[in-house]
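The values are calculated or read from the model by the stated rules, or taken from the named source; none is laboratory data. Quantities reported herein were computed from a predicted structural model and do not represent experimental measurements. With ideal geometry, Cβ positions are generated from the backbone for all residues, glycine too; neighbour counts draw on all protein chains shown. Surface accessibility is based on the protein's heavy atoms, side chains included, excluding ligands, DNA and RNA. Shrake-Rupley method; radii C 1.70, N 1.55, O 1.52, S 1.80 Å.
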Amino acid sequence: MNLEVYNPKNTEEVLDLLNSYKRDAKLIAGGTDLVLDLREKKIKPKAIIDISNLDELKYIKKDDNYIEIGACTTFTDIEKSEILTDNLKGLKKAASEVGSPQIRNRGTIGGNICNASPAADIVPPLLSLDATVVIKSKENIREVSLEKIFLNKGKIDIKEDEMVSSVKFKNIKGKLGFYKLGLRKALAISKIATAIYIEKEDNICKEIRIGNGALGRHGLRERKVEDYLINKEINEAIIEASATLLSGEIEKRLKGRSSLEFKKEAVKGTFKKAFKDAL
């Protein structure tokens, strides 16, 4: 079977091709995951649609309400962006620790989401920012909460004729922290990645969102811990109690897995370090 390769000039052409090929087409941007899947014959599409040169999908922009990042924006672009200010250092830090420099130069935020890996580095900070994914088809544009787009490991709520156009989140008042635990710095797939967004007033927690990666079938919000922290004074004792609560949630979630004993203890450390990074 011949593999057709297309280089569309704009998203309209991309959507026309997706509408024609449906499940037989795959989009390629950075290709850091897709190329491996093709080589290992895990996937056998009839068409590859190369969107890596579409400048309309490469941007980081800010208005009075939102920051929006185009799907083909690379991790290097995010790391070096001047639009993403110090209170978003957790997002930039996550981008800076994805793979090697070569992967960061090629890998994209859209690809990291669509691959739906449980260990996707950029997902926990985006969950903590309560991000929304903008999805386009030939006939429609829809916006879906990032938290709800993941269906299972490697599966997301994107139809055969749709593509991720961008990711956006509201301008924040608080700060975002991030910490990743890997086998070795930067080059490793995350063992655990934790991101925490916090707003506080007179040292009282007024808003908090916690995103974790590599602790389930996909990236997850830790809502029980969030609920526990709301309206509490932030101090070492509260942070420690929150870490213990999170460990208990992980123990229930990963029951029966060989990694449980390690992860239920290690998550305490990633949580506390991400928390202090946010503070």
**Verdict on GLU143 being surrounded by fewer than 17 Cβ atoms within 10 Å (Cβ to Cβ), assigned to a loop (DSSP other than H, G, I, E, B) and on the phi < 0 side of the Ramachandran plot** = no
**Request:** Please give the number of the condition ASP121 fails out of (1) touching a strand residue (DSSP E or B) at 6+ places or on another chain (Cβ under 7 Å); (2) open to solvent by 20 Å² or more (accessible area, probe 1.4 Å).
**Result:** (2)
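I'm trying to understand the selection: among the residues of region 21-49, which are among the acidic types (Asp, Glu), modelled with pLDDT of 95 or more and within 23 Å of the chain's Cα centre (by Cα)?
Across region 21-49, there are no qualifying residues.
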**Request:** Return the pairs, sorted by first residue and then second, in which the second residue is of a type in the set (D, E, K, R) and in a helix (DSSP H, G or I), the first residue lies in region 90-114 and is touching a residue at least 12 places away in the same chain (Cβ under 8 Å) and under 22 Å from ILE196 (Cα atoms), the beta carbons are less than 6 Å apart, and the residues are 6+ apart or on different chains.
**Result:** LYS92/GLU79; ALA95/GLU79; SER96/GLU79; VAL98/ARG104
**Request:** Kindly check whether there is at least one residue in region 220-236 that is open to solvent by less than 70 Å² (accessible area, probe 1.4 Å), in contact with a Leu (Cβ under 8 Å, 6 or more places away or on another chain) and among the charged types (D, E, K, R).
**Result:** yes
**Request:** Residues being acidic (Asp, Glu) and touching a Lys or Arg at 6+ places or on another chain (Cβ under 7 Å): count how many of those fall in region 219-268.
**Result:** 3
**Message:** Quick check on region 160-172: of everything there that is under 20 Å from GLU207 (Cα atoms), part of a strand (DSSP E or B) and touching a Leu at 6+ places or on another chain (Cβ under 9 Å), which residue is most open to solvent (accessible area, probe 1.4 Å)?
**Reply:** LYS170
**Message:** Go through region 58-84 and report how many residues are more than 20 Å from PHE178 (Cα to Cα) and open to solvent by 60 Å² or more (accessible area, probe 1.4 Å).
**Reply:** 7
**Request:** Within region 221-263, track down each residue that is assigned to a helix (DSSP H, G or I), among the basic types (Lys, Arg) and within 22 Å of the chain's Cα centre (by Cα).
**Result:** ARG223, LYS224, ARG253, LYS263
**Prompt:** Are any residues in region 41-85 in contact with a helix residue (DSSP H, G or I) (Cβ under 9 Å, 6 or more places away or on another chain), more than 22 Å from LEU15 (Cβ to Cβ) and not polar (S, T, N, Q), and if so, which ones?
**Reply:** LYS42, LYS44, ILE60, ILE67, PHE75, ASP77, ILE78, GLU79, LYS80, LEU84
**Request:** Go through (1) open to solvent by 30 Å² or more (accessible area, probe 1.4 Å); (2) at pLDDT below 95 one by one and return the number of the condition ASP157 breaks.
**Result:** (2)
**Complete:** Within region 264-279, the residues that are among the small types (Gly, Ala, Ser) and either buried (at least 17 other Cβ atoms within 10 Å of the Cβ) or in a loop (DSSP other than H, G, I, E, B) (or both) are ALA266, ALA274, ALA278
**Item:** Meets criteria (more than 20 Å from LEU129 (Cα to Cα) and open to solvent by 30 Å² or more (accessible area, probe 1.4 Å)) for GLU199
**Value:** no
**Request:** Pull up region 3-32, narrow it to residues that are open to solvent by less than 60 Å² (accessible area, probe 1.4 Å) and assigned to a loop (DSSP other than H, G, I, E, B), then point me to the one that is farthest from THR73 (Cα to Cα).
**Result:** PRO8
**Message:** Would you confirm, using the coordinates I've provided, whether ILE204 is touching an Asp or Glu at 6+ places or on another chain (Cβ under 8 Å), surrounded by fewer than 18 Cβ atoms within 10 Å (Cβ to Cβ) and at pLDDT 95 or above?
**Reply:** yes
**Criterion: touching a Leu at 6+ places or on another chain (Cβ under 7 Å), touching a residue at least 24 places away in the same chain (Cβ under 8 Å) and open to solvent by 20 Å² or more (accessible area, probe 1.4 Å) - qualifying residue of LYS136, LYS175** = LYS136
